[in-house]
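**Q** Provided herewith is a single structure, encoded as structure tokens, for subsequent inquiry.
The values are calculated or read from the model by the stated rules, or taken from the named source; none is laboratory data. Keep in mind it's a predicted model, so treat the numbers as computed, not measured. Reconstructed Cβ throughout: ideal geometry from the backbone, glycine too, with neighbour counts over all protein chains shown. Just so you know, the surface numbers come from the protein's heavy atoms only, side chains and all, with ligands and any DNA or RNA stripped out. Shrake-Rupley method; radii C 1.70, N 1.55, O 1.52, S 1.80 Å.
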Amino acid sequence: MIDDIHNGLQRRLQLSNGTACELVNFQQAHLDDIYALECEANPFPWSKRNFVDSIASSHICTGVKIGDQWIAQAVFSIASGDAEILIISVDPKWQGQGVASQLLDTMCEILEDYAAEIFLEVRESNEAAIRLYEKCGFNCLGIRPNYYPRKKGREDAHIYGKSLRIG
């Protein structure tokens, strides 16, 4: 049931270094920690209002925790049989340790019951994220010119997609 992924998500994960963590939903009560993580990880972070709106809407708000510490967060949407990754951020101290790939692989597995494909947009300059998405089976489908702000001007977004159901 789709309510389970909005409010009852709970999966154990193990990082490449053996660290045990948990994928769970975040709620309004976690917003300060999630927003602080987002600001630390992203030079152009989502606003706190974006997170408030996502929690209030039908978005799937997830995060990875070790104990009480949030080390990653992601927000997904589902519409018309497709899913989209709206935002994903990993605490810089935990980047490169398999957090994002575990989060993505697990969520793609869960979302295949609700969506046929999943899409995302990524900054053309974010080479680490592009490598991650390609490693996780995403393919570049096109470019959205001048989509993202940067310190001077704007930069293109690369649109990526992945089939969740085969056959």
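**Q** Kindly report, to the nearest 10 Å², the accessible surface of CYS21 as traced by a 1.4 Å probe over protein heavy atoms only.
**A** 10
**Q** Next up: Can you list residues from other chains, or at least 5 along the same chain, whose modelled amide H is less than 5 Å from the amide H of LEU9?
**A** For LEU9, the qualifying residues are ASN25.
**Q** If a/c stays under 1.5 just call it rounded; otherwise compare a/b with b/c (prolate if a/b is bigger, oblate if not). Do that for the stretch 86-164, with a ≥ b ≥ c from the square roots of the Cα gyration tensor eigenvalues.
**A** Taking the square roots of the gyration eigenvalues as a ≥ b ≥ c, the stretch 86-164 is oblate.
**Q** When the accessible area of the chain is computed with all protein chains present and a 1.4 Å probe, what percentage of it is carbon and sulfur?
**A** 46
**Q** Starting from the Cα gyration tensor of the stretch 16-109, take the square roots of the eigenvalues, sort them a ≥ b ≥ c, and report rounded, prolate or oblate (rounded when a/c is under 1.5, otherwise prolate if a/b is larger than b/c, else oblate).
**A** It comes out oblate by the Cα gyration axes.
**Q** Taking square-rooted eigenvalues a ≥ b ≥ c of the alpha carbon gyration tensor, is the stretch 6-71 rounded, prolate or oblate, where a/c under 1.5 means rounded and, failing that, a/b exceeding b/c means prolate?
**A** oblate
**Q** Please list, in chain and number order, the residues 5+ apart from ILE71 or on another chain whose amide H is under 5 Å from its amide H, with Hs placed from the backbone.
**A** Hits under the 5 Å cutoff: VAL64, LYS65, ILE66.
**Q** Got a sec to turn the phi values of the stretch 55-69 into Karplus ³J(HN,Hα) couplings, 6.51 cos²θ - 1.76 cosθ + 1.60 with θ = phi - 60°, whole Hz, x for Gly and Pro?
**A** 5, 6, 8, 8, 5, 9, 9, 10, x, 10, 10, 10, x, 9, 9
**Q** Only one of the values (i) 1.94; (ii) 0.99; (iii) 1.13 was calculated from this structure for Cα Rg over 2.2 N^0.38 Å; name its label.
**A** Recomputing Cα Rg over 2.2 N^0.38 Å here gives the entry labelled (ii).
**Q** So if we plug the beta-carbon distance of GLN27 and LYS48 into 1/(1 + (r/R0)^6) with R0 = 25 Å, what FRET efficiency do we get, rounded to 0.05?
**A** For R0 = 25 Å, the calculated efficiency reads 0.95.
**Q** Using each residue's phi in the stretch 81-93, evaluate 6.51 cos²θ - 1.76 cosθ + 1.60 at θ = phi - 60° and report the 3J(HN,Hα) Karplus result to the nearest Hz, with x for Gly and Pro.
**A** x, 10, 10, 9, 8, 7, 7, 8, 9, 10, 3, x, 5
**Q** Trypsin sites (Lys or Arg not before Pro) within the stretch 64-167: which are DSSP loop residues with at most 13 other Cβ atoms inside 10 Å?
**A** ARG150, LYS151, LYS152, ARG165
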